[in-house]
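One structure below.
The values are calculated or read from the model by the stated rules, or taken from the named source; none is laboratory data. Quick caveat, the model's predicted, so the values are computed rather than measured. With ideal geometry, Cβ positions are generated from the backbone for all residues, glycine too; neighbour counts draw on all protein chains shown.
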Amino acid sequence: MKKGTVAQFVAEYLAKEGVKYVYGIPGGQPLNILDAISDRDDIDFIATRHENAAAHAADAIGRLTGIPGVCLATTGPGATNLITGVGGAFQDSSPVIVITANNNRKDMLHDDAQNADHKALFDSLVKWSVLISHPDHAEKLFNEAFNIALSGNPGPVHVDFTRDVLTETMTWNDENKAYRSPNRILGDVETLQEFKQKLLDSERPVIWVGNGAKLSGAGEEVIKLAEQLSIPVITTFNGIGAVDMSHQQVFGPLSRSGSMLAAEIIAESDTVFVIGNSLNGPSTSRWTMNMPKEIYQIDIDPNMLGRHYPGTRGVWGDVKICTQYLLDQLKDAEPSNQQKQWLQHCYDKRTVWTEKYITPFRNNDSSPMYPQTVVQFLGDVVAEDAVYSVDAGNPGIWTHILPLKKNQFYMKPVGFGNMAFSLPAAIAAKKEQPHREVICLVGDGSLGMSLGELETAVRAKVPIIVVVLNDQAYGNIKQEQTRDYGPEKPHIGVDFVDWDFAAVAKAVKADGERVSSLMELKEAFDRARKSSTLYLIDVLIKPEVSVWTKPF
């Protein structure tokens, strides 16, 4: 057993769980935790310029590593500033431990400074929220917080401390014990046998994988299953990277703004096997997508089975274990002639689609640039194991056509659509895995919401490459206004002045430049790779190229 303050216990517990960095903004109430962290050499605190960025950084760590990221804030406005980023982690199933420090016990819920009911604030956007106000509760409740964050469908958990409890003495077990199960559940075998038979009998099957396959690490099993029976694979937007996106049988992501290729494959199929995919609104164009009648679904969350499509045949279980079971059962199976013909049909459709929507923009020398050209350039040149940190809005939509490679990692806020994610997420990714090239792809609208984090990147010594898709507007909303009300009506609240992002980067001791052509982008990217600090490439793109016109 070990003895110390609750704050010292918190710092030691986080380090034991593999947490390297805590992101946040200091305040009076959590100072004892910061002091305890500063006394250790196995964990560090990184101050962001806004608490929202701290939540995004913690979210990124959860996505990238599977270890809960940790963000910290003081009471009242500190806590409320975390909420948007925490909501993004909740909607996209990213494990995060959200730590807030409240006022002293005797002063809570009275007229003290920065008074707020943190539990009420966080309840709807976390898996669990708890107040720790007695030292005897700290170890048990912290164990439970990590267990809940990582079990079943992962997500954020909120732990609130009273300020005075952090200074009180407690004893805790300092042995390195595992407090949770491996979370690998094999679904009902009888129903999985039905899945097996349907996989054999379907003439035009398709596998549609989501974020659950990524969280479970089921990518190889899914690809092997697809290869076994000549089945085309598509992903959700949140499932990008769940499988090897460069594999010939993977036909890209499908969502409200997904490719016409993926949508047509789903529409022409006779059975869809939904693996780690909740079939939520963003994936299915708010449930208006043309879907086959036969839907078979595997998910770790039993509440998702058949929730949106009654009649779905569902299996509750771990995606990786269940897919491996199907593989074992099908080890001697071969695809039918109809399945082979169906896959070839999908290949032919992709050839036509590529020639129409992709090839014309590859190496296109227009100025300003087509956004399609920018993302294809990045896909061609970035490192084989790079991390893409992509923001909400149009940058994320254009990455539907990003040629992602097998060992690259892709993350973007999908379910909550929370802007200002990509820059702090990229900072956290580079701190966590400094050997990897990290690309932040952000729009000028989102960058305006997170601009202060350029200084955080310089202070944290992370040489990331920031690529700005700059159309001098909230481009997605401006294009939607044009679609709905016509180009002749004035746009409302979406246009910006032309400001020099590269100059802002240089003002905080980073570096950068503006480009407007492919040749300039190539030269700038070479300089960015050689930089020892953050390098911002401000790319002027054609504002008239709209994602709402189904450009791919």
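Some values worked out for this structure:
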item: Any hit, segment 101-113, residues being farther than 30 Å from PHE409 by Cα and within 27 Å of the chain's Cα centre (by Cα); result: yes
item: Unmet criterion (only one of (1) without any contact (Cβ under 8 Å) to a residue 60 or more places away in the chain; (2) farther than 12 Å from ASN277 by Cα; (3) charged (D, E, K, R); (4) surrounded by 14 or more Cβ atoms within 10 Å (Cβ to Cβ)) for ARG307; result: (2)
item: So ILE266, is it assigned by TED's automatic domain parsing to the domain that holds PRO205, within 19 Å of VAL206 (Cα to Cα) and buried (at least 24 other Cβ atoms within 10 Å of the Cβ); result: no
item: Which numbered condition TYR296 misses (of (1) assigned to a strand (DSSP E or B); (2) modelled with pLDDT of 95 or more; (3) among the aromatic types (Phe, Trp, Tyr)); result: (2)
item: Any hit, segment 61-83, residues being closer than 20 Å to VAL165 by Cα, among the polar types (S, T, N, Q), in a strand (DSSP E or B) and in contact (Cβ under 8 Å) with a residue 40 or more places away in the chain; result: no
item: Single residue of segment 407-416 satisfying the filter (in contact (Cβ under 8 Å) with a residue 40 or more places away in the chain and in a loop (DSSP other than H, G, I, E, B)) that is nearest to ASN280 (Cα to Cα); result: GLY415
item: Positions within segment 459-481 being within 20 Å of LEU540 (Cα to Cα), of a type in the set (S, T, N, Q) and not in a loop (DSSP other than H, G, I, E, B), in sequence order; result: ASN470, ASN476, GLN479
item: Options GLN228, GLN197: the member that is assigned by TED's automatic domain parsing to the domain that holds THR312, farther than 22 Å from GLU384 by Cα, in a helix (DSSP H, G or I) and in contact with a Leu (Cβ under 6 Å, 6 or more places away or on another chain); result: GLN228
item: Filter pass, ASN102 being crowded, with 23+ Cβ neighbours inside 10 Å, within 20 Å of THR75 (Cα to Cα) and at pLDDT below 95; result: yes
item: Segment 377-413, residues that are aromatic (Phe, Trp, Tyr) and over 21 Å from SER366 (Cα atoms); result: TYR388, PHE409, TYR410
item: Filter pass, LEU14 being within 24 Å of the chain's Cα centre (by Cα), not β-branched (Val, Ile, Thr) and not in a helix (DSSP H, G or I); result: no
item: Segment 187-228: number of residues that are in contact with a Ser or Thr (Cβ under 8 Å, 6 or more places away or on another chain) and surrounded by fewer than 20 Cβ atoms within 10 Å (Cβ to Cβ); result: 3
item: Residues (of a type in the set (Lys, Arg) and either assigned to a helix (DSSP H, G or I) or touching a residue at least 40 places away in the same chain (Cβ under 8 Å) (or both)) located in segment 112-157; result: LYS119, LYS140
item: Residues (within 23 Å of GLY88 (Cβ to Cβ) and either among the basic types (Lys, Arg) or in contact with a Leu (Cβ under 6 Å, 6 or more places away or on another chain) (or both)) located in segment 1-25; result: LYS20, VAL22, GLY24
item: Residue in segment 332-340 that is among the hydroxyl-bearing types (Ser, Thr, Tyr), outside any loop (DSSP other than H, G, I, E, B), over 21 Å from the mean Cα position of the chain (by Cα) and at pLDDT 95 or above present; result: no
item: Condition met for GLY486 (assigned by TED's automatic domain parsing to the domain that holds CYS440 and within 23 Å of SER257 (Cα to Cα)); result: yes
item: Leading residue by the ranking (surrounded by the fewest Cβ atoms within 10 Å (Cβ to Cβ)) among those in segment 507-536 that are under 15 Å from ILE439 (Cβ atoms) and in contact with a Lys or Arg (Cβ under 8 Å, 6 or more places away or on another chain); result: TYR535
item: Restricting segment 341-369 to residues that are out of contact with any strand residue (DSSP E or B) (no Cβ under 8 Å at 6 or more places or on another chain) and under 19 Å from VAL222 (Cβ atoms), the residue that is surrounded by the fewest Cβ atoms within 10 Å (Cβ to Cβ); result: TYR347
item: Test: residue in segment 167-183 that is in a loop (DSSP other than H, G, I, E, B), buried (at least 17 other Cβ atoms within 10 Å of the Cβ), not aromatic (Phe, Trp, Tyr) and not assigned by TED's automatic domain parsing to the domain that holds TYR296; result: no
item: Odd one out for ASP160 among (1) buried (at least 20 other Cβ atoms within 10 Å of the Cβ); (2) assigned to a loop (DSSP other than H, G, I, E, B); (3) charged (D, E, K, R); result: (2)
item: Number of the condition not met by ILE97 [criteria: (1) at pLDDT 95 or above; (2) crowded, with 23+ Cβ neighbours inside 10 Å; (3) in a helix (DSSP H, G or I)]; result: (3)
